[in-house]
Amino acid sequence: MKLHEYTISQLHDLISKREISVPELTRYMLDRIESLDSKLECYITVTEKQAMEQAEKVQKMIDDGTLNSPLAGIPMGIKDNICTRGIPTTCASKMLSNFVPPYDAHVVKKLYDNGAVLLGKLNMDEFAMGSSTESSHFKKTKNPWDTERVPGGSSGGSAAAVAAGEAIYALGSDTGGSIRQPASFCGCVGLKPTYGLVSRFGLVAYASSFDQIGPLTKTVTDCALVLNAIAGHDPMDLTSSRRQHPDYTKALINDVKGMKIGVPREFIDDSVQKDIRDAVLNAVKVFSDLGARCEEISIPIMEYVVPTYYIIALAEASFNLARYDGVKFGYRAANPKDMLDFCMRSRSEGFGTEVKRRILLGTYVLSSGYYDAYYKKALKARTIITREFNKAFEEYDIIIGPVSPTTAYRIGEKINDPVQMYMEDIFTVPVNIAGLPAISIPCGFDSKSLPIGLQIIGKRFDETTIIRAAYTFEQNTDFHKARPSLNE
Amino acid sequence: MTITKEIIEYIAMLARLQLDENEKNSMVADISKIISYFDKLKELDTSNIDAMEFLVMDEDVFEGALRDDIVGKSYDREDLLHPEEEEGSEYFTVPRVVE
């Protein structure tokens, strides 16, 4: 096995036993990025110099005995909408192509405190607006399983880098599925934590009542390790929860006996690609055979979740992105006539098409005369959706289903049909609407050998149960062991 | 509701975006399709439903969130200004607003 195929826990062992040093491991990963990334285009910025300096520093602290974390010395990548002090944070937009944050995001600081080594910043859809990473201003990331296909999005660079071994793990952000859907397209593990569990201080805001940061990893064990490091209260994020979070590695228990699992029939209907439905039903069988009680349930509100999500998300996006006026940071138009021209041209030249489309839609649903019909109506629908999920959780410990109705599609195949693209977020957006945690884990392959993801949704702040179910599934199946060949 | 070019021009102005003719035409087409998809929500009965219930998803978030004002560390001015255009300046630079 090669170094990039190891998990966090395996590399931690090698580092602890002095079988490899942190600088050696970091150099190996940087060389791998150098040889592979011209093909896959996962990274927007590779921080070679800082990574090697950080690696030396971390190795010294390990040698001194002043640093003892399972993440110490493990090389990772971060989605380019999470602020890193002194390192460009572009949001894959021309607007922020010259933005160098003066501070680290809370999660970045937490990872540094744990001795993490940053390899670079990962590609994404512009301002996290998309499901294929095609709306990036800079490059189109390829799916490591088939380089003609998209990696999913918006955290497509993060998922592709983990799947291809260009990072041992990565952070992404999930507003409507942006961690889980690329994790499923690329065959890795992706967790969207409960709203409030992980601080968003330093995450460039898209839709603030939905945004969450979470890990993308090779295994459920690695996911628990990274979540342990990034979860917890932060006074800089008003929505950050004050409750003590448990040690998530304690949830790595291979046992689901007696667990009550709901399978919504709306998640496995004809709109879902047949081999995805088969893989999900196989997962239901795996859980049943292991002693869980699986039952079909109904969540009738599902047909309204996509419009509800998009109306609220785009309304929030339109005011979150109002800050890009050319003054305080970001792109500035040349030779402005006056202040209005300066603001309008900076925005129009700095934003790409999908971002403009979403700002216009958000402005429309908030504008006088349409506010009640769209925005307020969607907030009320949000209440109904949240209540329906909470009601299901009165009887069931977890809800399972697919992550996406399709597997990875061809680059360019759907980019010109926004309604179709939005509709495919159907299984991921209700989780953000209700503020729930959910994980995507590998559960099979389609007829073209592309990965399929299983989504496990839990109660608010009950990451423990979804990690336990995901770990049990992983221990009893082999899907997570498959790696893309990449013609190496 | 039909989305016309005039509506697109109006909301573009509100959003401080300038669109060329091609962009306007494609936005009319795309946004019409998306808004008619959003219109599906009109079928849903939302009478007697609270629009703000999601705000109290987690009451403990707000407990103790109000705190005394404390002086904290600020950022270095030079880190915040644009590196090229505002080199050596103490302020953000914008086009003249007052004649």
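Quick note: the coordinates plus some simple rules give every number you see, no bench work behind them. Bear in mind that the values here come from a model prediction, so they are computed numbers and not experimental data. Because the Cβ atoms are built from the backbone with ideal geometry, glycine has one as well, and the counts that use them run over all protein chains shown.
Here are a few things to note about the model shown:
- Averaged over A:375-386, number of beta-carbon atoms from partner chains that fall within 10 Å: 5
- Cα centre as origin, Lys/Arg/Asp/Glu Cβ charges: segment A:240-308 dipole, Debye: 460 debye
- For the protein assembly as shown, the equivalent ellipsoid derived from the Cα gyration tensor has semi-axes of 34, 31, 23 Å, listed largest first.
- A Förster radius of 45 Å, combined with the Cβ-Cβ distance separating A:ILE253 from A:ASP31, puts the computed FRET efficiency at roughly 0.75.
- When the P(r) is computed for chain B, the part past 18 Å accounts for 76% of the Cα-Cα pairs.
- The calculated FRET efficiency for B:ASN48 paired with B:LYS24, based on their beta-carbon distance and R0 = 51 Å, is about 0.80.
- Centre-to-centre separation between the Cα atoms of segment A:350-368 and those of segment A:395-449: 24 Å.
- Neighbouring partner chain Cβ atoms per residue of A:418-427, average, 10 Å criterion: 2
- Among B:GLU21, B:GLU53, B:GLU78, the residue with the largest mean-square fluctuation in a Gaussian network model of chain B, with springs joining Cα atoms closer than 10 Å, is B:GLU78.
- Positive-end residue, chain A charge dipole about Cα centroid, Cβ charges, pick of A:ALA160, A:LEU122, A:ASN254: A:LEU122
- Alpha-carbon Rg with Dmax, taken over segment A:1-96, Å: 14.5, 46
- Nearest-20 debye value, the protein assembly as shown charge dipole, Cβ charges on Lys, Arg, Asp, Glu: 460 debye
- Counting only DSSP H runs of at least 4 residues, each contributing -39500 (n - 2.57), and dividing by the residue count of chain A, the helix-based mean residue ellipticity at 222 nm comes to -11500 deg cm²/dmol.
- Average beta-carbon neighbours from other chains, 10 Å sphere, peptide A:429-438: 1
- Size of charge dipole - chain B - debye, nearest 20, with Cβ of Lys, Arg +1 and Asp, Glu -1, no other charges: 620 debye
- The longest stretch of chain B left intact once loop-based trypsin sites (Lys or Arg not before Pro) with at most 12 other Cβ atoms within 10 Å are removed from consideration, loops following DSSP, is B:1-66.
- Annotation for segment A:40-70 versus segment A:78-97: alpha-carbon center distance of 19 Å.
- Toward the positive end of the charge dipole of chain B, with +1 on the Cβ of Lys and Arg and -1 on the Cβ of Asp and Glu, the farthest Cα among B:GLY72, B:TYR10, B:PHE54 is that of B:TYR10.
- Gain on full extension, evaluated as 0.36 nm per residue between A:LYS328 and A:ASP269 minus their Cα-Cα distance, stands at 16.4 nm.
- Pair A:GLU296, A:TYR103: separation of 7 Å Cα→Cβ label points (nm): 5.2 nm
- Antiparallel bridge percentage (DSSP; both residues within the protein assembly as shown; nearest 5): 65 percent
- With neighbour counts taken as other beta-carbon atoms within 10 Å, the residues A:ASP255, A:ASP104 rank, fewest first, as A:ASP255, A:ASP104.
- Among A:SER271, A:PRO336, A:LEU36 - extreme Cα towards positive end, dipole of chain A, charges at beta-carbon: A:PRO336
- Sorting A:119-126, A:322-329 by their mean Cβ neighbour count within 10 Å, with the most densely packed peptide first, gives A:119-126, A:322-329.
- Largest to smallest principal axis extent of the C-alpha atoms in segment A:361-488, angstrom: 57, 42, 20
- Binned Cα-Cα distance frequencies in segment A:1-160 - 10 Å width, integer %: 12, 38, 35, 14, 1
- Lysine pairs with alpha-carbon atoms under 17 Å apart, chain B, spacing 8 or more or separate chains: 4
- Estimated FRET transfer efficiency (B:LYS33, B:TYR10; beta-carbon r; R0 25 Å; 0.05): 0.85
- Beta bridges by DSSP in segment A:46-180, antiparallel share as percent, to the nearest 5: 25 percent
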